[in-house]
Each structure stands twice: as C-alpha cells, then as structure tokens.
Amino acid sequence: MDERIMETELMGEAAAEGELMSDEPVGEEAAADELMGDEPMDGEHDHSSCEVHGSCVEPYPEPVNMAAAMRMNTTALAWLGDALYEMYVRKYIVDTGIAHADRLHVESVRFVNAAAQAGIMKALLAAAEGGEPGEMNPAASAEGLLCEEEMALVRRARNKKNSTRPKNADPMDYKWATAFEALLGYYHVTEQERKIEDVILFALNHIESA
C-alpha cells in the first residue's frame, strides 16, 4: 500500500515538472503571443495594416480593349470624360451638404472650367514623372499613375486642332482641359475604375489646395 502511494506521488511530481518544461507558452508569454498574432511567411505582405494600400505599392489591373481605345478619336474620348468628371464633381459637392441650386452651380464651376482642368492635367504630368508606371499611390499623389501610352494620348489630345474657338477660355487652357477629359474618357473605355478614382481624387485635392 505504501509503495503504491509513493509511486503515485512520484508520477504527480513528474507530471508537474513536465508542465513547467513544456514548449506551450504560459502566463505572460501566451498573452504576448496572442497580441502579436501570426507573422506572415517570408515573401508575403499583409495589406491589412495599409490604409487603402497607402503604405505599399499595388499594381493597377491591365486595361481592357486598350488598342481599340487608343485608336478612338480624342474628341469622342473627351466628350465621355467631360460627362464622367462632372458627375464625380457633382457627387462630391452634394456630399458637402449644399442643397441650393445656385450654390451648387457656383461651387461646381470651381472644378469644371478650362483653367482648373488645365492646371490639373499639368500637375498630373509633372507628378507622374516621379514614379514607376502602373503603381497604386496615396490619395494626394500621382507618382506612377500615368504610363507612357497614356501620356502619349494626353499629348495627342492636347495638340489636336480645334474646329471652333473656345468661348470665355484661354485657347491653351482649353487644349489642356480637353486632354484631361480625354484621359478620363480613355480610362472609362478601358474599364480602369481604380485609375479614374485616383485621378478624380487627385483633381479634387489639387483644386481644394489651390
């Protein structure tokens, strides 16, 4: 009887010692592991910590029907882009809470006019020279937004001869504004929604900070 009691006590001591030597975390170590979570494996990047991917670079999707869009008349692209830009501007202004029709119109003119759009296009080209083509960028930046083909499209739209003289606008501003609209029209035809949103956001920030 005494031998069985002694054996049980020895087994209990061994079990207790085994718990202390276990690889499983206990106490504060377990709590720390729980807070840190699982680390990503080598070569992986966890985008969950990036605010709208602002702290990392995310490639843009490939454009759809790019060759056909590049062959389109830039006037037609600008016609589409004009409507697209104004729709985004109107939504942006309505979201500010303005409800009176006259105030809505006055506010929209700040964004939708040849001089403002020319300034946006020039700023886009200047900023685009600082990054790699096809990258996603933070909200107020355009680095890497325009690729070589898109910059060529902008130049083609800007240099196209106008059949009519613009009213109440500087002719060069009008050309740059048309190029901006053509770029948006091209993005729409090629289904590049992320680029549309990035360019519009850049445009709104550019006007608001002017």
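The values are calculated or read from the model by the stated rules, or taken from the named source; none is laboratory data. Quantities reported herein were computed from a predicted structural model and do not represent experimental measurements. Cβ atoms come from the backbone with ideal geometry, glycine included; neighbour counts cover every protein chain shown.
Output yes when any residue across segment 92-104 is buried (at least 17 other Cβ atoms within 10 Å of the Cβ) and closer than 19 Å to residue 166 by Cα, and no when none is.
Filtering segment 92-104 for residues buried (at least 17 other Cβ atoms within 10 Å of the Cβ) gives 92-93.
Then drop every residue that is not closer than 19 Å to residue 166 by Cα, which leaves none.
No, there is no match, as no residue in segment 92-104 is buried (at least 17 other Cβ atoms within 10 Å of the Cβ) and closer than 19 Å to residue 166 by Cα.
For every residue, the table says whether it meets (1) at pLDDT 95 or above; (2) among the hydrophobic types (A, V, I, L, M, F, W, C).
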site: 146; (1), (2): no, yes
site: 149; (1), (2): no, no
site: 164; (1), (2): no, no
site: 171; (1), (2): no, no
site: 184; (1), (2): yes, yes
site: 206; (1), (2): no, no
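All told, residue 146 falls short of being touching a residue at least 60 places away in the same chain (Cβ under 8 Å) and buried (at least 20 other Cβ atoms within 10 Å of the Cβ).
Reported count of residues in segment 91-110, each being of a type in the set (A, V, I, L, M, F, W, C) and in contact with a Ser or Thr (Cβ under 9 Å, 6 or more places away or on another chain), is 1. Only one entry in 97, 18, 37 is over 20 Å from the mean Cα position of the chain (by Cα) and modelled with pLDDT of 50 or more, namely 97. Checking each residue in segment 155-190 for being loosely packed, with under 14 Cβ neighbours inside 10 Å and in contact (Cβ under 8 Å) with a residue 24 or more places away in the chain picks out 155, 170, 172.
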